[in-house]
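The values are calculated or read from the model by the stated rules, or taken from the named source; none is laboratory data. Source: prediction; values computed, not measured. Virtual Cβ from ideal backbone geometry, glycine too; neighbours counted across all protein chains shown.
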Amino acid sequence: MIEGELFEITAEIGCPVNCKKYCPQEVIVGNYKGATTLTLENFKLLIEKIPKRNPINFSGVCEPFTNPRTVDMISYTHNAGHPIIVFSTLVGLTPVGADVISRVPFQEFVLHLPDANKNAHIPLTRDYFITLKIILSNVNNISFMNMREPFISNNAEKIARGEPCIVHKGRVICFRHEIPNLNMMPNGDVYFCCICRGLTGKVGSLYENTYQELVSKMKPISKCLQIDKNSICHKCGYAVPYWRYQLRKIKRCLYG
């Protein structure tokens, strides 16, 4: 889990990897409105609003390389001076594209690998293995994950589908409430975090708001999400009781 201020990009709506057990793509696609693909031209306009200190995270609710211009977005973001994080299965990334982005010094590159249970539908083609080899040979700061057991869900799929899940009692919180981890959809709409899946917790639009305005608008939304027992945060696997979170902070300050 990355704990730091960043801005997350969902570059496309409709993920072909379709990790249906853990990712409610049918709900996301069914409820989404607006442009389903983030164009390079619009990305360039929007990224100028994000402070240079903020890492740009290409991830969100869809495999980033499903959008064929994500390679160009990554190159543009690097040249603009932002740190870059990627979460990817490599689906949609060609060997040529892999060669281009392998020259980028990523802050982190989280590689989502195929799993034995085939929760992630990653075509194991010749091009996939060539692309994988290029990434593994040339990209630094790689970490790995997959969805084999004992993978633990954060409950995003249950929340979106209205399925029963454990509901935390009392006030809850996670680091996203103190450190902005905003997620932008291809239509420019910005949500509290990627767990919201573009279904709830809308903060504003990067077309209509500055980044600073979005952070300011986030604060009252954060308070409501922490306290409202019916909020997405009370069902999220990342949430912890407010008192426990604050106690950890005090201990870190006292003991490092």
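Got at least one residue in the range 200-214 being free of Cβ contacts under 8 Å to residues at least 40 places away in the same chain and acidic (D, E)?
Step one: list which residues in the range 200-214 are free of Cβ contacts under 8 Å to residues at least 40 places away in the same chain, which gives 200-205, 208-209, 212-214.
This time we only want the ones that are acidic (D, E), so: 208, 213.
Yes, that holds for at least one residue.
Among the residues of the range 109-130, count how many are among the small types (G, A, S) and not in a loop (DSSP other than H, G, I, E, B). Steps first, please.
Pass one, the range 109-130, residues among the small types (G, A, S): 116, 120.
Checking the rest, the ones that are also not in a loop (DSSP other than H, G, I, E, B) come to none.
Within the range 109-130, residues that are among the small types (G, A, S) and not in a loop (DSSP other than H, G, I, E, B) number 0.
A quick yes/no check of all residues on (1) buried (at least 22 other Cβ atoms within 10 Å of the Cβ); (2) modelled with pLDDT under 95; (3) among the acidic types (D, E):
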residue	(1), (2), (3)
I2	no, yes, no
C23	yes, yes, no
A35	no, no, no
E41	no, no, yes
K44	no, no, no
E48	no, no, yes
N57	yes, no, no
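List the number of the failed condition for S205; all other conditions in (1) out of contact with any Asp or Glu (no Cβ under 6 Å at 6 or more places or on another chain); (2) over 26 Å from F106 (Cβ atoms) hold.
That leaves (1) as the condition not met.
Could you pull out the residue among F106, F65 that is in a loop (DSSP other than H, G, I, E, B), hydrophobic (A, V, I, L, M, F, W, C) and free of Cβ contacts under 8 Å to residues at least 40 places away in the same chain? Talk me through it step by step, then tell me what you get.
Details: F65 fails: in a loop (DSSP other than H, G, I, E, B).
Within the list F106, F65, the selection yields F106.
Residues of the range 113-160 being within 27 Å of N230 (Cβ to Cβ) and loosely packed, with under 12 Cβ neighbours inside 10 Å, which ones?
Hit for the range 113-160 is I152, nothing else.
What is the one condition in (1) over 20 Å from the mean Cα position of the chain (by Cα); (2) of a type outside the set (G, A, S); (3) part of a loop (DSSP other than H, G, I, E, B) that E213 does not satisfy?
(3)
Out of the residues in the range 177-201 that are touching an Asp or Glu at 6+ places or on another chain (Cβ under 9 Å) and at pLDDT below 95, which is farthest from T70 (Cα to Cα)?
I179
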